[in-house]
Every structure is written in structure tokens, then in C-alpha cells.
1. Counting only other residues whose beta carbon sits under 12 Å from that of ALA77, what net charge do I get with K and R as +1, D and E as -1?
2. Please work out the Cα center distance from the stretch 109-171 to the stretch 66-90, rounded to the nearest Å.
3. Could you tell me which of rounded, prolate or oblate describes the stretch 45-140, using a ≥ b ≥ c as the square roots of the eigenvalues of the alpha-carbon gyration tensor, with rounded for a/c under 1.5 and, failing that, prolate when a/b is larger than b/c and oblate otherwise?
4. Three principal axis extents, largest first, for the C-alpha atoms of the stretch 3-163, in Å?
5. Around ALA54, with a cut-off of 12 angstrom between Cβ atoms, what is the net charge of the other residues, counting Lys and Arg +1 and Asp and Glu -1?
6. Please figure out what share of the DSSP beta bridges in the stretch 15-171 is antiparallel and state it in percent, rounded to the nearest 5.
7. Explain nothing, just the number: dipole magnitude of the stretch 3-163 about its Cα centre with +1 on each Lys and Arg Cβ and -1 on each Asp and Glu Cβ, in debye rounded to the nearest 20.
8. What aspartates and glutamates could a cross-link reach from LYS159, if we take a straight Cα to Cα line under 18 Å and drop same-chain neighbours fewer than 8 places away?
Amino acid sequence: MPVVPFVVSFIYETVQKLGGVQLNSKEALAFIKRHGVVLQSARGPVPSLAEAIAGGPIRGSWWGHPKGRSIYSATQAVCESPDILVCKLIDGKITYVHRRLWPALAKLASRFQPEQLAQVWDEHTKSGAHVSRNKPFPMWVPGEILREAEALSVSEAEKALAPFLPARPKP
């Protein structure tokens, strides 16, 4: 097991054993910045924002959890932040990626499926229904991020994304 995923896993498990962390919206953004990549609520190779707020694993939907309102508030703040990409990077689940990792994602975009890098969001229609929307990569990427990606070496990008980078394609 590579060192970075082990360290992330160790820290995450330790936090869970200690009863989790209490996160408000600002702290939720800091949590994502610190970890770089965070799942909204699913379990996977990176921390889950919902579980961090809840203080441990959630059975069923987080909507029914006693901290469901706090989770909802935090996810809304995260989704509105210009520093967070909301996509389905990890296992097709809602994933938050902090802006500091966007250049690495852009550099290694060919290693991901297009749907993994599309920016996603839900819109509420006048009738109250939710409609899922997406903006394909690289249409959501700011120009300065693309310039940073050009200057980034492949090995630097791989190091930044190591914990969840797909295997390198064979030549």
C-alpha cells in the first residue's frame, strides 16, 4: 500500500475512533482543502464529508441522521464555493476536489473517463423537481489552471493525485 493512502486512512480512522469532528460550513471547506479530495457521503479511498460531520459511519441516508441538517448546510456551502469542483471522480459518487488539485487533474485528464471530470450540480425546477446538470471537462476549467497544468510535470501531477489515480495506460 502506498504511504499517502495509508496515512490518510490512519488519520481518518483515528478521527472516527475519537468521535469525529464537528464541522460548520467554513470548517467543511477547510476539511476539503486539507484532504484535497473528499466524497460527499459515500465510503471510499478518501474521507467522507458527511461521516466527518456525523462523527462516524452513517447507516442509510444521511438525510435521516440527527446531524442531517448540518450535513446539508455544509454540502450547500461546499457546492457554492468557487474553490471546489463537484464531480464524480471516485466510483461515480459525488466527489469534492479542492482547487489546489485542479492543475494535476487537468494534466492527467487522459487517465480519467470524461464523466469523472465533468462538473456536476442539481437544479431545482419551478415544479420542485431536481434536474442533474453537468459541464464537461475542460469547459469548467479556468484559464489560469490550464496554464498551471501546462507547467506541471507529469510526475508532480501523479504525486498529487496518487491516492486515487487510475493505473497508467500501457503504451
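Each reported figure results from applying straightforward, stated rules to the coordinates on display, with no laboratory input. Please read these numbers as outputs of a predicted model, since none were measured by experiment. Because the Cβ atoms are built from the backbone with ideal geometry, glycine has one as well, and the counts that use them run over all protein chains shown.
1. Numbers: positive: LYS26; negative: GLU27, GLU80, ASP83.
Cβ neighbours under 12 Å give a net charge of -2.
2. With the stretch 109-171 and the stretch 66-90 each reduced to a Cα centre, they are spaced 17 Å.
3. On the way: a/c = 2.04, a/b = 1.38, b/c = 1.48.
Oblate is the answer for the stretch 45-140, as a/c is 1.5 or above yet b/c matches or exceeds a/b.
4. Ordered largest first, the stretch 3-163 gives principal extents of 47, 45, 25 Å.
5. Charge balance in the 12 Å sphere: +2.
6. Working: 14 of 15 bridges.
So the antiparallel bridges in the stretch 15-171 amount to around 95 percent.
7. Details: 19 positive and 14 negative charges, 63 e Å.
Once rounded to the nearest 20, the dipole reads 300 debye.
8. Here the aspartates and glutamates satisfying the reach criterion relative to LYS159 are GLU148, GLU150.
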